Amino acid sequence: MEPEFREALKDICDREKKSLSELYSDIDNRKRPDQTLSSATRVFTVAYFRNALHHIEKETTD
């Protein structure tokens with residue numbers, strides 16, 4: 001996995017107070033059966049930060 005994704009996953013782990021192993025396990029348990037863990041991890045990471053951005057934007061417009 002690219003260094004940028006590893007860094008992003010470390011940031012998520014820090015925010016969620018989880019180990020990388022726990023995070024991978026969560027992602028693996030939620031992924032589609034036809035999806036690789038690597039692909040699911042990339043999708044999860046993008047969705048996580050998009051969701052965070054959405055919450056920030058919502059707070060600034062309320």
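The values are calculated or read from the model by the stated rules, or taken from the named source; none is laboratory data. This one's a predicted model, so the numbers in the text were calculated from it and none came from an experiment. With ideal geometry, Cβ positions are generated from the backbone for all residues, glycine too; neighbour counts draw on all protein chains shown. Note: accessible area is taken over every heavy atom of the protein model, side chains too, but ligands, DNA and RNA are not part of it. Shrake-Rupley method; radii C 1.70, N 1.55, O 1.52, S 1.80 Å.
Okay, here's what the table says:
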| quantity | calculated |
| --- | --- |
| Nearest-10 value in Å² for the accessible area of D26, using the 1.4 Å probe | 40 Å² |
| Positive-end residue of Q35, F5, Y24, charge dipole of the chain with Cβ unit charges | Q35 |
| Given charges at beta-carbon only (K, R positive; D, E negative), |dipole| of the chain in Debye | 200 debye |
| Crossing angle, helix 20-30 versus the chain [Cα axis fit, 0-90 degrees, rounded to tens] | 90 degrees |
| Three semi-axes of the equivalent ellipsoid, the chain, Cα gyration tensor, whole Å, largest first | 22, 14, 11 |
| 0 to 90° range, to nearest 10: angle between helix 3-16 axis and the chain longest Cα axis | 70 degrees |
